[in-house]
Amino acid sequence: MKQRTQVGIVGAGPSGLLLSHLLARQGIDSIVIEDRSRDHVENRVRAGVLEQGTVDTLIEAGLGERMLDEGLIHDGIEIRFNGERHRVDFPSLTDGKRITIYGQGEVVKDLIDARLADGGVIHFEVSATSIHDIDGDAPVIRYRKDEAGHEIACDYIAGCDGFHGICRESVPEGILTGYERVYPYAWLGVLSDSPPAAEEVAYCHSDRGFALLSLRSPAVSRLYLQVAPDEDIEAWPDERFWEELRLRSATKDDGAGIEPGPVLQKGITPMRSYVVEPMRHGRLFLAGDAAHIVPPTGAKGMNLAVADIRYLTEALAAFYRAGDAAGLDAYSTRALRRVWKAQRFSWWMTTMLHLSPDDSPFDRRRQIGELDYVTTSVAAMTALAENYVGLPLDDGGAP
């Protein structure tokens, strides 16, 4: 079966779905294909911290109703070390900006509902996806569904299919350069049917390793422990997890405030930083995890994807509206400017809070000194806060 659209989108995660939605609002046609099921993309547990700019983007796009009703607005984060709590207040440091806790799965549900209600085309559970002729004027996406072959003729292709997708790998060898850092630790993450252990997201540094107290709702907690990259998840029965979380997050005043609950999900996430340059080749544009991965410490993954899509939508709209290709030509440079700022922040947060197996006694003491500075200097707290709530979206996050 042959189809025709202006923009073919590979991947029905937040970046692909948001691109399709924003393009439709500009009168630009798109088709989205996804190899997983709708249930899978809606229910996989991913990021839950939305920057102010991401929230504003979703509201402007008519996607904010459920987010504003169910999302949790936080005015800061907590940093714990040496048994003490230190709070970073965002509004006072960033002219009123905040973050919103609203799971990536919920954003995806809102986007799918909006696209289908508007008559948008999303093909789930496709296989054998491939892209062709991205160097020419008529790129093509091929895939199989229900044992039949399909082809989408496009003006452009958006690769929104994640780190392990086919789009980045389809660029001819020698065109792209990848930059990577693999960290010597991972996160053991638990989704728990239990009340949050802290009122706001709490980053906990201890001599036993890092812990993070986060949440998805007033009744569901998202909790993490630093572990070795090759850690065996079977070595972490629920009882051991809760006890270690308590030890790493405890403070001198009232303990850790941990209420164990039924574990809904448990998994280990490796930590890496990755960027590919450029984010465009010919008629193919890469966005989101297809182009960059950040360690989750800085809460930047989905927010970077949203920024990519805003830039790409603006560029495509200018091209289809007035034949102006300048934005398309500048897309990679503009997006990468923001990407590298987010990589720096995510790297900094990660290395400041985690214990490395190569750390010397000097490194450990220096780390405490840095945490002490960050939580007592207004200038340092301002730098943390403005990065956490999100740098300006204009011009790739220029200050």
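Structure notes:
One line per residue, one yes/no per condition, for (1) part of a helix (DSSP H, G or I); (2) more than 23 Å from the chain's Cα centre (by Cα); (3) modelled with pLDDT of 95 or more; (4) of a type outside the set (Val, Ile, Thr):
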site: Thr350; (1), (2), (3), (4): yes, no, yes, no
site: Asp358; (1), (2), (3), (4): no, yes, no, yes
site: Phe362; (1), (2), (3), (4): yes, yes, yes, yes
site: Arg366; (1), (2), (3), (4): yes, yes, yes, yes
site: Asp372; (1), (2), (3), (4): yes, yes, yes, yes
site: Ala380; (1), (2), (3), (4): yes, yes, yes, yes
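- Inside region 193-214, residues that are more than 23 Å from the chain's Cα centre (by Cα) and aromatic (Phe, Trp, Tyr) make up a count of 0.
- Pairs, first under 15 Å from Gly8 (Cα atoms) in region 114-136, second polar (S, T, N, Q) and assigned to a strand (DSSP E or B), C-beta under 8 Å, six or more apart: Gly120/Ser30; Val121/Ser30
- Residue, nearest to the chain's Cα centre (by Cα), within region 382-399, restricted to residues that are part of a helix (DSSP H, G or I) and not polar (S, T, N, Q): Tyr388
- Answer from Thr54, Thr94 - the residue that is modelled with pLDDT of 95 or more, in contact with an Asp or Glu (Cβ under 7 Å, 6 or more places away or on another chain) and among the β-branched types (Val, Ile, Thr): Thr94
Yes/no matrix, rows are residues, columns are (1) over 21 Å from Arg38 (Cα atoms); (2) in a loop (DSSP other than H, G, I, E, B); (3) touching a Lys or Arg at 6+ places or on another chain (Cβ under 6 Å):
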| position | (1), (2), (3) |
| --- | --- |
| Leu111 | no, no, no |
| Glu125 | no, yes, no |
| Asp137 | yes, yes, no |
| His150 | no, no, no |
| Ala158 | no, no, no |
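- Complete set of residues in region 319-340 that are of a type in the set (A, V, I, L, M, F, W, C), more than 18 Å from Asp137 (Cα to Cα), in contact with a Leu (Cβ under 9 Å, 6 or more places away or on another chain) and surrounded by fewer than 24 Cβ atoms within 10 Å (Cβ to Cβ): none
- Residues (among the hydrophobic types (A, V, I, L, M, F, W, C) and closer than 20 Å to Arg222 by Cβ) located in region 1-56: Val41, Val45, Ala47, Val49, Leu50, Val55
- Residue that is surrounded by the most Cβ atoms within 10 Å (Cβ to Cβ) [pool: residues in region 261-286 that are touching a strand residue (DSSP E or B) at 6+ places or on another chain (Cβ under 6 Å) and small (Gly, Ala, Ser)]: Ser273
- Condition broken by Leu304, with the remaining ones in (1) on the phi < 0 side of the Ramachandran plot; (2) more than 16 Å from the chain's Cα centre (by Cα); (3) without any contact (Cβ under 8 Å) to a residue 40 or more places away in the chain satisfied: (2)
- Condition met for Phe241 (in contact with a His (Cβ under 6 Å, 6 or more places away or on another chain) and in the same structural domain as Ser192 (by TED's automatic domain parsing)): no
- Residue count for region 341-399, restricted to those that are touching a Pro at 6+ places or on another chain (Cβ under 9 Å) and without any contact (Cβ under 8 Å) to a residue 40 or more places away in the chain: 1
- Glu51 being among the charged types (D, E, K, R), in contact (Cβ under 8 Å) with a residue 12 or more places away in the chain and over 27 Å from Thr297 (Cα atoms): no
- Sole exception among (1) surrounded by 14 or more Cβ atoms within 10 Å (Cβ to Cβ); (2) within 20 Å of Arg87 (Cα to Cα) for Lys252, by number: (1)
- Hits in region 32-42 (condition: surrounded by fewer than 21 Cβ atoms within 10 Å (Cβ to Cβ) and either part of a helix (DSSP H, G or I) or of a type in the set (Val, Ile, Thr) (or both)): Arg38, Asp39, His40, Glu42
The values are calculated or read from the model by the stated rules, or taken from the named source; none is laboratory data. Everything numeric in this text was worked out from a predicted model, so none of it was measured. Glycine also receives a Cβ, built like all others from the backbone with ideal geometry; neighbour counts cover every protein chain displayed.
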